[in-house]
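Data block below; observations after.
None of the figures in this text is laboratory data; all of them are computed from the coordinates on show. These figures come from a predicted structure and were not determined experimentally.
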Amino acid sequence: MLRNKTKKESDKGNGGDPWRLMEKGSGRTILNIFLLLVAAFLCSNFLEFSISKATLRVFLKSKPWNQWNPSSDQSKKLGGIQWKCTPTVNQTYSCPIPLISPAVTYESRKDDDDDHEKAGGSCPDYFKWIHEDLRPWKVTGITREMVERGAKSSADFRLVIVNGRAYIERYKTSFQTRDLFTWWGIVQLLRKYPGKLPDLDLIFNCADQPQIRSSDYQQPNASAPPPLFQYSGNASSLPIVFPDWSFWGWPELNIKPWEVLLKELKESNERTKWIDRQPYAFWKGNPFTSQSRKDLMKCNSTYTDKQDWKLRAYAQDWKSEILHGFKQSDLTKQCTHRYKIYVEGRSWSVSQKHALACDSVPLFVEPKFYDFVTRSLIPMYHYWPIKRNDDMCKSIKFAVDWGNIYKQEAQAIGRAASNFIQEELKMDYVYDYMLNLLKEYAKLLKYKPTIPERAFEHCSETMACPADGLVKKYMTDSMVKAPADTSPCTMPPPFDRPAMQAFLNQKDVTKMQVEAMGRTL
């Protein structure tokens, strides 16, 4: 049941409704806030460009970044569902009664659910990493003190689910709309699997870099690490890895929700067969976010006339893209080369799944970070490993030359990568991963979650009704229309430790073999 708050309680802090500031203010206040948000976005290090006042005016007037206009008392049709978007006197929206009554709790349903889930198929192997990510708390469990310690030091927001309803306390604003679309994904999970999630309490950080270092918790008397959810991790961190926000859309870069984009990428692959594509490696993006990307640009054919390293790399001009409708950043038009480069920016990048989806041979420049799925990718089956060091250019040229000679083998790698994306990373599995991860996480809690004082309830109505522009469109396009009519996939058992180590060792051996092949040239 939605808790009532006084006006004073509702106004304080950063933990409120994401649209609350816009809903309360006058038109001028709305515009001022919007200008500040846009300016912050355009001045961020991620895009790394300056913009004039004249350009900013054009940007504000252009679609779909129009100003939000509060709607009157009316029903809106979002994604084929009739919604009652009726704001209250202070221009807020409330959540309806859940599709499954809060009285029908997870505890009363779980035995039936377990029996029902046996009819579902097995989850993909990468679900095994759920057990590994939660391993640091298998013995100690997760206490309220651990969560609150992490909330103070590292979290952007706190999510509490009680009786099937989601409450969020926001500590600070994340970059762009990462937190907003992460919340949206969680709300859609509750729509897809109503009544299947237990009560839980978690903290989330939306930054690129992992926040919890494993070295800080390796001493004999060290406390247990905070259980912090993030989008990625590396060998020296302890994140609980969660699907990233772009699965539901990235409006700042015009990247569509994954279910829509995945279908369009498949159609693009069918239009241009591998053998008919340009026989070069392709990359396009922001080259200023890492040294590896800067080094990659030096391998470009336009950088030097001395050697063609078989790379065609392009710096993405986001200023121009925003002003001209993202015509040069359409991902469905970037599957035109036989090879596609993936290189990390500040850390892991959402572009990794796009590089895998093109039917092109993915060339991975020695990734140091992983997301929830890529730890299970196999070199020379799903991708070709490329060295980061001074031999990067030579390593890229060798991969391209090899593939252009052994065309069938190269096509097989590209096909295996795109098949993996199409079959094992479809949205049904993304939701099933979220569901299984959160259920396993909730089993570790040693206390009963309660709704924080500064938390607000979030649901599809409170988020989509006041939204506008691409935010509105992407929420509409990615909205779960109805509860799932099939059971979620069944979690695989944890890794057998020797088998997991053998798998990791074999990946290292394969990479060394490829490196040795390149040195023979």
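Once C-alpha pairs closer than 8 Å and six or more residues apart are averaged by separation and normalised to the residue number of region 294-417, the relative contact order reads 24 percent. 3J(HN,Hα) along region 217-231, derived from phi through the Karplus expression 6.51 cos²θ - 1.76 cosθ + 1.60 where θ = phi - 60°, amounts to 10, 9, 6, x, 9, 5, 6, 5, x, x, x, 9, 7, 8, 7 Hz, with x in place of Gly and Pro. Between GLN316 and ASP485, full extension at 0.36 nm per residue minus the direct alpha carbon distance yields a gain of 56.6 nm. The antiparallel fraction among DSSP beta bridges confined to region 116-240 stands at about 80%.
Couplings 3J(HN,Hα) for region 330-341, derived from phi with the Karplus relation 6.51 cos²θ - 1.76 cosθ + 1.60 (θ = phi - 60°), are 5, 5, 6, 9, 10, 9, 10, 10, 6, 9, 10, 7 Hz, where x marks Gly and Pro. 3J(HN,Hα) along region 156-168: 8, 7, 10, 10, 10, 10, 10, 6, x, 10, 9, 10, 10 Hz, from the Karplus curve 6.51 cos²θ - 1.76 cosθ + 1.60 with θ = phi - 60°, whole Hz, x for Gly and Pro.
Amide hydrogen proximity for ARG312: with H placed 1.01 Å from N in the peptide plane, the residues at 5 or more positions away or on another chain lying under 5 Å are ALA281, PHE282, TRP283.
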